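A short worksheet on the structure shown next.
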């Protein structure tokens, strides 16, 4: 199928299709009792679930990393995601302290240039 022109302004799913997909996702999360990542597809008018798995990167932030609404926003980089390092568990406080020291030193070097 050939398509001409930009479709950035057009919607991929109708309101009814969005409601159907959202309902299915909510039922699956309720069944498994945890947030999930779902791959899905639509073929004609049929919704197909391709696969589902737990979201492993859903690690709650420590309170000191959460910017309050009235505070200036802080940017945090997830080194694990940006460099391919993966973990299936939260990083321990000692590991966070080590990474903070490392990244602070790197930023200091970069800002000195």
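Per-structure values
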read-out	value
Verdict on residue 61 being more than 16 Å from residue 90 (Cα to Cα), modelled with pLDDT under 85 and under 19 Å from the mean Cα position of the chain (by Cα)	no
Those residues of the range 44-56 which are loosely packed, with under 13 Cβ neighbours inside 10 Å and closer than 14 Å to residue 20 by Cα, in sequence order	45, 46, 48
Which numbered condition residue 104 misses (of (1) at pLDDT 85 or above; (2) under 23 Å from the mean Cα position of the chain (by Cα))	(2)
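Residues are listed down the side, and each one gets a yes or a no for (1) assigned to a strand (DSSP E or B); (2) under 30 Å from residue 89 (Cβ atoms):
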| position | (1), (2) |
| --- | --- |
| 16 | no, no |
| 23 | no, no |
| 26 | no, yes |
| 34 | no, yes |
| 38 | yes, yes |
| 42 | yes, no |
| 47 | yes, no |
| 50 | yes, yes |
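The values are calculated or read from the model by the stated rules, or taken from the named source; none is laboratory data. Quick caveat, the model's predicted, so the values are computed rather than measured. Ideal geometry is used to build each Cβ from the backbone, glycine not excepted, and the neighbour counts take in all protein chains shown.
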